[in-house]
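First up is the structure itself, then whatever we jot down about it.
Throughout, read-outs are computed from the coordinates displayed, never taken from laboratory work. This is a predicted model, so every value here is computed, not measured. Here the Cβ is made from the backbone with ideal geometry for all residues, glycine too, and neighbour counts use every protein chain on show.
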Amino acid sequence: MDPEKAMRWFADLDQNFAAGEAEHPMLHHHLDHAEALAAALASMKGEGEQRQVADQAADDTERAQALRAQADFAEYAAGAKYELRRVRREIHAQGGFLPDLPATLADVDPDEGYERDTV
């Protein structure tokens, strides 16, 4: 395995490098982590935006629509957090270091004694 090519693939700079699951499991786990993290953050942002729309709604219909959208985003966020937790447990189980999480996602890792990459 060429480490430079693997990192280019990991950084999504080289789509021609075929990284097989068996050859590069930790790369795949970290890509899964990045995707779940992005999904959780986007869903949480959408939830907050819809909460503001509901708070500033001009009428009951607009408020009800915003509250439904807020609930949908909250459901998406819960699913993304679940996936993020699953991926982080897998990384930990395979001896990998876990990336830090933003404070808004502190509830993803209940204190399970995970070592974090602080570099």
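Annotations
- Which of Ala54, Leu84, Ala74, positive extreme of dipole for region 41-85 (C-beta unit charges): Leu84
- Net charge over other residues, Cβ less than 14 angstrom from the Cβ of Phe73 (K, R count +1; D, E count -1): 0
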